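Engineer: Have a look at this one.
What follows draws every value from the coordinates through simple rules; no lab data is involved. Fair warning: this is a prediction, and the values are worked out from it, not measured in the lab. When we count neighbours, we look across all protein chains shown, and the Cβ atoms used for this are built from the backbone with ideal geometry, even at glycine.
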Amino acid sequence: MSDESIARIPLRLLTIVAESILEDRLVREILALGASGYTATRAHGQGSRETRASELGGNVRIEVVLDESLERELLARLTRDYFPSYAVIAWSQSEEDVRGAKYRRTR
Amino acid sequence: MSDESIARIPLRLLTIVAESILEDRLVREILALGASGYTATRAHGQGSRETRASELGGNVRIEVVLDESLERELLARLTRDYFPSYAVIAWSQSEEDVRGAKYRRTR
Amino acid sequence: MSDESIARIPLRLLTIVAESILEDRLVREILALGASGYTATRAHGQGSRETRASELGGNVRIEVVLDESLERELLARLTRDYFPSYAVIAWSQSEEDVRGAKYRRTR
């Protein structure tokens, strides 16, 4: 199989870490904005505004692959509705999606 | 300790998310191709072709640190044998391995 | 909300994978060096120096967002005290912190 048959699409990988109790609400917002999916893992840890989260039911680590435009919208939502009130942190990275069509904006 | 004693080798970090039932098969392929290791975490989530995976036994998130040549081979394998048939997604990122020798191709 | 209101600070994301038994010790060192937090997830896997870790109580995957100076210090510590003796691996990536103030060095 030639390498040319593998699509590599430059996209963003946004990782959000929040208290587990926020997972359902965050996921609804992520999908409502138009992301085609997400990956969630159970996590624990400590942040500058958090007490040790493992004592409080734990954290969730949500990864979303998305384009720059959708990322801007999601970050605006986090900045407005989550960062002021909750121990939510997020970081953004460049990545190459190796499946392309799956991560296109669906709305 | 001087910073020069810390080796930083530019490599790729490939993250694969698949149904948990595929983990053993994927891991066998990853190691057979020559990767020296992998890191797996339990995950759940939703993708454009998936139903909510947590209802189906969950997902596994597999990370593999590898060089570009091996990454091409692994992506070719995923493209040929997994993407057409399974709800497998993957993304690739640049990284700096800070231990060097561990991730060299072993075959 | 304008995009300008979202702070994006270029930082490093260091991911450390180690035997679970090392988690408390690693976390104490990470915080003592001045990192403002970390995110930990349960993991399993295989590396070139490890037996299959899931048979031995599992691994922990620790993520730390930090600046370059602090990363150098933490890597020096890993190189001196962990890499020679334990099945610890680590990789470093660039990322954009989208919350800024949280990850500043606190000491």
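Engineer: For the stretch A:20-36, just list the computed ³J(HN,Hα) in residue order, Karplus coefficients 6.51, -1.76 and 1.60, θ = phi - 60°, integers in Hz, with x standing in for Gly and Pro.
Structural biologist: My calculation for the stretch A:20-36 gives 4, 4, 8, 4, 4, 5, 4, 5, 4, 5, 4, 6, 5, 6, x, 5, 8 Hz in order.
Engineer: Separate question: Under the convention of a label 7 Å out along Cα→Cβ, give the distances in nm from C:ARG80 to the same position in every other copy, shortest first.
Structural biologist: 4.9, 4.9
Engineer: Taking the label point as lying 7 angstrom from Cα along the Cα-to-Cβ axis, what are the distances from C:GLU68 to the corresponding position in the remaining copies, in ascending order and in nanometres?
Structural biologist: List, nearest first: 2.3, 2.3 nm.
Engineer: Which distances, shortest first and in nm, link A:LEU31 to the matching position in the other copies, using label points set 7 Å out along Cα to C-beta?
Structural biologist: Result for A:LEU31, in nm, nearest copy first: 3.6, 3.6.
Engineer: Another one. Which chain A residue comes nearest the axis with its C-beta when you rotate A onto C, and by how many angstrom?
Structural biologist: Taking the axis that maps A onto C, the answer comes out as A:THR41, 3.
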